[in-house]
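First comes the structure, then the notes that go with it.
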Amino acid sequence: MIQKEVTELKRRLKRETVSFSRMAGCYVDAQKNKVTSFNQSFLNLEDDEFSKYLEIANKVLSGKLGNQLLELEFPLEEEEEGGRQHLLMALRNTAIEEETVLDRFYDHVIETYDFVGNYLILLFHDVYDVMSRSSDNIDLDESAEAFDYILCAICPVALSKPGLGYREEDNSIAARVRDWVVGPVDTGFLFPAFDDRATDIHHVLMYAKKAREPHKEFWENGMGCQPRLTAAEKRDAFGHMVCRDLSADQDVAEDMLLDVQSNLSDFIAIEEDRRGDEAPLPLTKEDLLDILKESGMEEDRSEKVGARFEDFFKEETPNAEDLLDTKLLKDNEVRKEKKSLQKKVVELTDQLEAAGVIARDGKSIDVVVKLPDERLDEVETSFVDGRKCLIIPLEADDRATLNGEDYLF
């Protein structure tokens, strides 16, 4: 799937356009017991519930493809009877109306989803009438296919925070009654995938709230799919590769990583301009070595980083954009500005030292005198009325200033 296809589906998940036929759910406690379950028409929900559930469904399609959203492929054996994809097909084909199929799915999630605490499993069913489009992306008045799909959201459920509240029944301020509150979606999926604006039963689109800590145990055991790295995981691994041999000096390591990220950004911009499109840009080992050289890394260290890169990404060449850390790039701009200010301070300090305004230890000088070199021998010190004085002979046409003002004598 591409981002445009995700956006097309998500655009429909609004109060005015949503067409979910049904919603089913199961509340699971911390001991993995099914506390309660429900199955009802979505469009008949009360307004408040309608909005909250719709918000949850929207979240499953939120985030960036390759990071919070990852498309996974089902192995062939999972599409056979008894396979995990086969169970998802049963859910879809029964429009989440068959309680026996729903119970099988809930039991499967409970068995394969690793979570400490209570949580809610939600399922939504929809059929999207996909309209044909012209070459310039204008919808035509004819249906291309009916995209029959389900959305699943798994949300943690936790006790509300303790606090004080007003009790109307006895007109008092007392401890508020705590209840169980459904939190933001932790993990979820869209099945089938919506590839090239068509049904793809061989893939599932997974959602992860925490891209650095996705529930890969659920991807593998619950979905039966081979896990993939999120962009956040790739960035973290890439940063470790670059800094690994520089860990003894944290500042040097951070500076090197910032330089590498800056040059990686330049590489992406140049390649996108050269290629003339925004298609994913693979980063090869050779490209990386050029970036490391441009960043000033020694050749032997670059080779080590390149070897780690090749070994870590041996299964799949990463996209350059996935390794780009925009936060670090912003930090790099701050670093450049800071270094520029530091340089200006050093230059100004040198100028003040040369002018005799401050001493080399940085302390200010009480009296500053500026004379041509050829007149330095004329300066004398003497005691006048018991006080040590500096005596500078002045000619009739000499001009003197005191604190920037003309000194008359």
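The values are calculated or read from the model by the stated rules, or taken from the named source; none is laboratory data. Keep in mind the model is a prediction, meaning the values are calculated, not measured. Cβ atoms come from the backbone with ideal geometry, glycine included; neighbour counts cover every protein chain shown. Surface accessibility is based on the protein's heavy atoms, side chains included, excluding ligands, DNA and RNA. Shrake-Rupley method; radii C 1.70, N 1.55, O 1.52, S 1.80 Å.
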So, Ala307, is that one in a loop (DSSP other than H, G, I, E, B), of a type in the set (A, V, I, L, M, F, W, C) and within 20 Å of Leu229 (Cα to Cα) or not? no
Looking at Glu55, Glu77, which is the one that is under 33 Å from the mean Cα position of the chain (by Cα), in a helix (DSSP H, G or I), acidic (Asp, Glu) and exposed (fewer than 14 other Cβ atoms within 10 Å of the Cβ)? Glu55
Identify all residues within the range 1-19 that are in contact with a Leu (Cβ under 7 Å, 6 or more places away or on another chain) and open to solvent by less than 20 Å² (accessible area, probe 1.4 Å); write none if there are none. Val6, Leu9, Leu13, Val18
Does the range 326-338 include one or more residues that are open to solvent by less than 90 Å² (accessible area, probe 1.4 Å), within 26 Å of Thr230 (Cβ to Cβ), at pLDDT 90 or above and part of a helix (DSSP H, G or I)? no
Matching residues in the range 28-42 - criterion: being hydroxyl-bearing (Ser, Thr, Tyr) and under 19 Å from Thr94 (Cβ atoms): Ser37, Ser41
For Lys388, state whether it is closer than 25 Å to Asp259 by Cα, open to solvent by 50 Å² or more (accessible area, probe 1.4 Å), at pLDDT 75 or above and not in a loop (DSSP other than H, G, I, E, B). no
Tell me the residue from Ala232, Ala253, Ala248 that is in contact with a Lys or Arg (Cβ under 9 Å, 6 or more places away or on another chain), more than 30 Å from Tyr207 (Cβ to Cβ) and either modelled with pLDDT of 90 or more or surrounded by fewer than 19 Cβ atoms within 10 Å (Cβ to Cβ) (or both), please. Ala253
I'd like to verify a number: residues in the range 94-123 that are under 16 Å from Ser21 (Cα atoms) and either among the β-branched types (Val, Ile, Thr) or free of Cβ contacts under 8 Å to residues at least 24 places away in the same chain (or both), how many? 3
Could we say that Glu347 is open to solvent by 50 Å² or more (accessible area, probe 1.4 Å), modelled with pLDDT of 85 or more and farther than 30 Å from Leu229 by Cα here? no
Subset of the range 81-125, residues under 20 Å from Val60 (Cβ atoms), part of a helix (DSSP H, G or I), out of contact with any helix residue (DSSP H, G or I) (no Cβ under 7 Å at 6 or more places or on another chain) and not basic (Lys, Arg), comes to Leu88, Met89, Leu102, Tyr106, Ile110
Kindly establish whether Ser19 is among the polar types (S, T, N, Q) and part of a loop (DSSP other than H, G, I, E, B). yes
Search the range 274-300 for residues that are open to solvent by 60 Å² or more (accessible area, probe 1.4 Å) and pair each with any residue that is among the basic types (Lys, Arg) and modelled with pLDDT of 90 or more when their beta-carbon atoms are under 8 Å apart and the residues are at least 6 apart or on different chains. Glu299/Lys293
